[in-house]
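First comes the structure, then the notes that go with it.
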Amino acid sequence: MRQIFFVALILLSLYRSDLAVSQTARPNVPAVTPASVQRPIDRLPYAPSLDLSAMDRSANACVDFYRYACGGWVAHNPIPSDQASWSVYAKLYAQNQQFLWGILEQLGDTTVHRTANQQKIGDYYAACIDENAAERLNAAPLAPTLARIEALHNVDDLPGLLAQLHLETGVGGFLFQFESDQDFADSSQVIAFAKAGGLGMPDRDYYTEQDSRAVELRRLYSEHVARTFVLLGDSPDAAQAHAATVLSLETALAKNSLTRVELRDPHKSFHKMDRAALGELTPHFDWTRYLTTLGLADITILNVTEPKFYAALDQLLAVTPVADLKVYLRWHAAHVAAPYLTHAFEAERFEFFDHTLRGVPAEKPRWKRCVRQVDVMLGEALGQEFVARTFGPQLKDETLKMTRQIEHAMREDIEGLAWMSDATKRQALAKLDAIVNKIGYPDHWRDYSSVRIDRRDYYGNAQRAIEFETKRELAKIGKPLDRSEWQMTPQTVNAYFDPQMNDINFPAGVLQPPLYDPKLDAAPNYGDTGGTIGHELTHGFDDEGRQFDAAGNLKDWWTDADAKQFNERTQCIVDQYAKYVVVDDVHINSRLTIGEDAADLGGLILAHMAWRAQTAGEALQPKDGLTPEQRFFVGYAQWACESDRPENLRVHAKTDPHSPGRYRVNGLVVNMREFAEAFSCPVTAPLVKKDVCRVW
Ligand SMILES: [Zn+2]
């Protein structure tokens, strides 16, 4: 999937295993309602966007505003045993899942009339939840795939096999990732992207770091891979040897992959080339066979995002015995199929990727995994049901109005910037005017009519739905862009900005209490959802987004002097956040988080401007002992309340471009004089800074 900038990282991808770096003793299971006794719900519960019980008024706002606004929330909301972390977003997401569960239980009833889409999502869920059926089949559903891998006799036949595996799984775990995306140079066109991939642990750093923690983690990963081979029927000795082969191949790929910080520079991943050039780069890989099997024989141009990776891959193919390649492919086949096989496979996957890496004590109950699958596989069919129940025209109008107000605030802000020249301002305003606001749900729903869903064929359903989605993505190659498409489903509790589409996207799922609360007044809503809208908007102008123009092309529209000013201003934020500790001795990698940190700050400044404009002339009154200004800031902070397991914090420090919630609050308000004024903070207070960082 393309690089998009979202507000919070709370969802675990279904396909790409999550990762972490530490192993500790199993933490105590906190006393919360066990997931096993949860029930489906028929409406989303209400919680206010400013929650007094979430505050800790014994804390000094000028010393630790995060604790002041969120201390109560943290105390009252222990991390559930099946979660790596817990937050306001995660809690809303969990309620959202329970609500979707209710919808799917209802639509699983075959005795009532169902539309074609209702049949598909209801029966997908019903097939998934039938654990006994999956147990009876054991690993049999995977047998045809393993047989095809076993039939590989020489490396010349690899491209055809690999293309088939890519089509069936839609993941980048098999040596590399192949997908469609907008041409960086001409955003109106979709072209093929050949990307780096091939890893089990999704970040390359886990393979390259040499500290004792990293070495221990690789040992544990290797044991996990070996145990998975045993589940496939290998002897323990053979499984150990096979795991070593997998780790060796993945390490070679990781060493030749770009880091996450390097990938923030789009120029580093833009290398358009024709088929001949690609052939020269990888003489040991027959692209014609690969592309023909994908049904893309006519492709002439590709973006090979990391040529160095492909050169290394080619070398690897030249020297690696076919038997070793087969071992590697078998591992990834089992790894991606684990959620759809017997519980033993999923439990093994959980043990390493969730328990060891993230410190999660307990597996998610099956219903959660099944709801999540329907969300991923048939997301817009489920989305139609969600929208019909939760997102009326009034809510759409209100949130669209707020979005336009914040865009207006950004216009005023840009016009008034002392450090930016008129030439760059004109370009910035043109880009701002071109941003498309997508609110709630797409104008056109995805057509799932060709996906057959059978309530007695869980594995087959997953395979058909994945293949449908992979083919749908690949079919875009060589065609003009569809600008109406969304990258998130309507029920998603998140939002994003897409620099190539130049649009901001707010799914109906994120425009719900406590994030957007129609029952409360403007102050907390502008602080919370207003701040998020501003956050997404400023992504269009952050270190990465600013490199794309109004049409979404990778094109420099800044004068050199303005670019220098911009970089100096963001460096102030980079230096500030680099001082913050995530866990133990691990600091924020602020060159990775700079886009998000700058978007948080810019976003809240814009939201504050928009709130002031919206309430101009109104006699705002204090409430619950808080002034309107204070309520704006508490409303902001309370979206970020969270608790994290230490293991998970270590993962985030490596992979998450967002800073921990504590610093998304304290690190931000220290740069807003409006905050210090609102709480009458003395100049000596820790959250008052003489030289504030400010970009927008
Ligand atoms: Zn963001």
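The values are calculated or read from the model by the stated rules, or taken from the named source; none is laboratory data. None of the values given here were measured: they were computed from a predicted structure. FYI the Cβ positions are ideal-geometry reconstructions off the backbone, even for glycines, and counts take in every protein chain you see. These accessible areas exclude ligands, DNA and RNA; they are computed on the full protein's heavy atoms, side chains included. Shrake-Rupley method; radii C 1.70, N 1.55, O 1.52, S 1.80 Å.
Summary of computed values
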| read-out | value |
| --- | --- |
| Whole-Hz ³J(HN,Hα) from phi, Karplus 6.51 cos²θ - 1.76 cosθ + 1.60, for the range 648-665, glycine and proline x | 5, 4, 5, 4, 4, 4, 8, 10, 8, x, 9, 6, x, x, 3, 8, 5, 9 |
| Potential lengthening between residue 471 and residue 422 on full extension [0.36 nm per residue; Cα-Cα distance subtracted] | 13.1 nm |
| Dimensionless Rg/Rh of the range 497-552 - Kirkwood Rh, Rg from C-alpha atoms | 1.08 |
| The chain: antiparallel DSSP beta bridges as a percent of all, rounded to 5 | 75 |
| Vicinal HN-Hα couplings computed from phi for the range 283-290 (Karplus, 6.51 cos²θ - 1.76 cosθ + 1.60; Hz; Gly/Pro x) | x, 8, 10, 8, 5, 4, 5, 4 |
| Equivalent-ellipsoid semi-axes of the range 329-378, from the Cα gyration tensor, Å, largest first | 17, 16, 9 |
| Charge-dipole axis of the chain as Lys and Arg at +1 and Asp and Glu at -1 on Cβ define it, positive-most pick from 283, 323, 99 | 99 |
| Residue 219 paired with residue 578, simple spin-label distance in nm, labels 7 Å along Cα-to-beta-carbon | 3.4 |
| In nm, spacing of pseudo-spin labels at residue 237 and residue 75 (7 Å Cα→C-beta vector) | 6.1 |
| Carbon and sulfur %, accessible surface of the range 311-397 computed with the full protein complex present, 1.4 Å | 55 |
| Hz values of 3J(HN,Hα) by residue in the range 469-474 - Karplus curve (6.51, -1.76, 1.60), Gly and Pro given as x | 5, 4, 5, 4, 5, 5 |
| Accessible area (Å², per residue) of the range 115-268, counting only protein heavy atoms and a probe of 1.4 Å | 38 |
| Estimated FRET transfer efficiency when R0 is 41 angstrom, pair residue 673-residue 482 (beta carbons, to 0.05) | 0.40 |
| The range 44-142 shape via C-alpha gyration tensor axes, a/c threshold 1.5 | prolate |
| For residue 506, residues with placed amide H under 5 Å, excluding near neighbours | 438, 439, 440 |
| Relative contact order, percent, the chain [alpha-carbon distance under 8 Å, six or more residues apart] | 23 |
| Diffusion constant of the chain at 37 °C, which comes from Stokes-Einstein with the Kirkwood Cα-pair radius and 0.692 mPa s, µm²/s | 124 |
| Extension gain (nm, one decimal) between residue 685 and residue 447, 0.36 nm per residue minus Cα-Cα | 80.0 nm |
| Net dipole in debye of the range 436-552 [+1 Lys, Arg Cβ; -1 Asp, Glu Cβ; about Cα centre; nearest 20] | 620 |
| Cβ crowding within 10 Å averaged over residues, with 238-244, 294-300, 199-205, 542-548 ranked highest first | 542-548, 199-205, 238-244, 294-300 |
| Kirkwood hydrodynamic radius of the range 595-696, Cα pairs, Å | 15.1 |
| Label point distance in nm, residue 401-residue 270, each placed 7 Å from Cα along Cα→Cβ | 3.9 |
| Alpha-carbon gyration tensor eigenvalues x 5, square-rooted, for the range 255-342, Å | 24, 19, 16 |
| Where the range 490-578 is the region considered: accessible area per residue in Å², 1.4 Å probe | 25 |
| Estimated dipole of the range 329-370 in Debye, rounded to 20 [Cβ of Lys and Arg +1, of Asp and Glu -1, Cα centre] | 160 |
| Residue (of 695, 162, 232) at the positive-pole extreme of the chain, dipole from beta-carbon charges | 232 |
| Estimated FRET transfer efficiency when R0 is 22 angstrom, pair residue 456-residue 292 (beta carbons, to 0.05) | 0.05 |
| Whole-Å semi-axes of the ellipsoid equivalent to the range 173-276 (Cα gyration tensor, √5λ, descending) | 33, 17, 10 |
